Amino acid sequence: MTNENISVSTNVAERLKVGIREGVTYPIVMKYCGHCTMPIEYCEYYPEYEKCKEWLERNMPDDFERLKIEEEQAAADGTDDDKKRQKRGGKGLLRVKKKEDVPKRICVSRAARGKKKSVTVVTGLSTFDIDLKVAAKFFGTKFACGSSVTGDDEIVIQGDVKDELFDVIPDKWSEIDEDAIEDLGDQKR
Amino acid sequence: MFKKFEEKDSISSIQQLKSSVQKGIRAKLLEAYPKLETHIDLILPKKDSYRIAKCHDHIELLLNGAGEQVFFRHRDGPWMPTLRLLHKFPYFVTMEQVDKGAIRFVLSGANVMCPGLTSPGACMTPAEKNTVVAIMAEGKEHALAIGLLTLSTEEILAKNKGIGIETYHFLNDGLWKSKPVK
């Protein structure tokens, strides 16, 4: 959009005008906060602003520095910014949904199917935010066998591929550590 | 509208669109947003096939080839861009600026009240009733919500009470959070 330090009072009309801006290439590349997913400038309205700041410090040090300078400036030239403005009633606070902290674990087990055949049951993949459908497809092609999503958080792979899974899963999704995969052994279905 | 939207539960079916319908939607979009003409091929390439996700409460989402939500609409209302799209191409929708105090309310899904549009920090571009507007904020660069004017800007100035913009889609609501649909 317009250049970075917009002085709001002077060029408001210019800023709000409909039409392509000179010297801007579209699409504009946006920077979003990794914690609250909003544009960085709106982080301050997020209830967990502190965590946003941490994330910013880690991932975008440049922007974090800029933010800090701006904040200090604001503090220096008039902290009574709030006083001037009329206050409105009501809380108007955003509430953050608490993420349920389920332990991130993957369980693999073998289940018998008939006398001499077996299937492998994988549960817990969705605690890592993995799309189960994609994962099932991947297992199917990898092991050349049938593989399907059978429940809320369960994939059944036909054939006994439990041992291979310990290598394949961390390989495919780097965020999963091999230690996070638990072997439940043989289980009845 | 999207406050309680949840990708998993709210989308009831996804349809591939016929090319004739696609053309119709494109034409409608261009009619509603004439400024879009220069970049519509980037947003909705001609060769691409788009899909429509039908959701609860008579909401329809237009998905591009990659499965990203680009436009949405309620019943037979106007197509509105999603915020992610609007951040990339902010120039084609009429913009209204609210003052600082209103930001947190809008971010929790409230409709924009007239005083928030008429106070010193705010700024309005003249528009008719029922126009799709991007809600900007004092001192901020990017849009924070999309809405529909329930009064014309003149009326807002004159009345200065009650709802001025009905908020449809705001930062961090269900639509914002939903991921591209495969």
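The values are calculated or read from the model by the stated rules, or taken from the named source; none is laboratory data. The model shown is predicted, which means the values in this text are computed figures rather than measured ones. Reconstructed Cβ throughout: ideal geometry from the backbone, glycine too, with neighbour counts over all protein chains shown. Note: areas computed on protein heavy atoms with side chains; ligands, DNA, RNA excluded. Shrake-Rupley method; radii C 1.70, N 1.55, O 1.52, S 1.80 Å.
Of note:
- Looking across region B:90-108, not a single residue is part of a strand (DSSP E or B), surrounded by fewer than 24 Cβ atoms within 10 Å (Cβ to Cβ) and touching a residue at least 60 places away in the same chain (Cβ under 8 Å).
- Counting only strands (runs of 3 or more DSSP E) that sit wholly inside region A:107-189, those with at least 1 residues that are surrounded by fewer than 18 Cβ atoms within 10 Å (Cβ to Cβ) and of a type in the set (Lys, Arg) are A:117-123.
- Within region A:113-135, residues that are within 14 Å of chain B (Cβ to nearest Cβ) reach partners that are assigned to a loop (DSSP other than H, G, I, E, B) and of a type in the set (Asp, Glu) with beta carbons closer than 6 Å, at six or more positions or on different chains, in the pairs A:SER126/A:ASP153.
- Of the residues making up region A:43-59, those that are within 12 Å of another protein chain (Cβ to nearest Cβ) and either in contact with a Leu (Cβ under 6 Å, 6 or more places away or on another chain) or open to solvent by 50 Å² or more (accessible area, probe 1.4 Å) (or both) number 4.
- Of B:LEU117, B:LEU144, B:LEU175, all but one fail to be facing another protein chain (nearest Cβ under 10 Å), out of contact with any Lys or Arg (no Cβ under 6 Å at 6 or more places or on another chain) and buried (at least 19 other Cβ atoms within 10 Å of the Cβ); the exception is B:LEU144.
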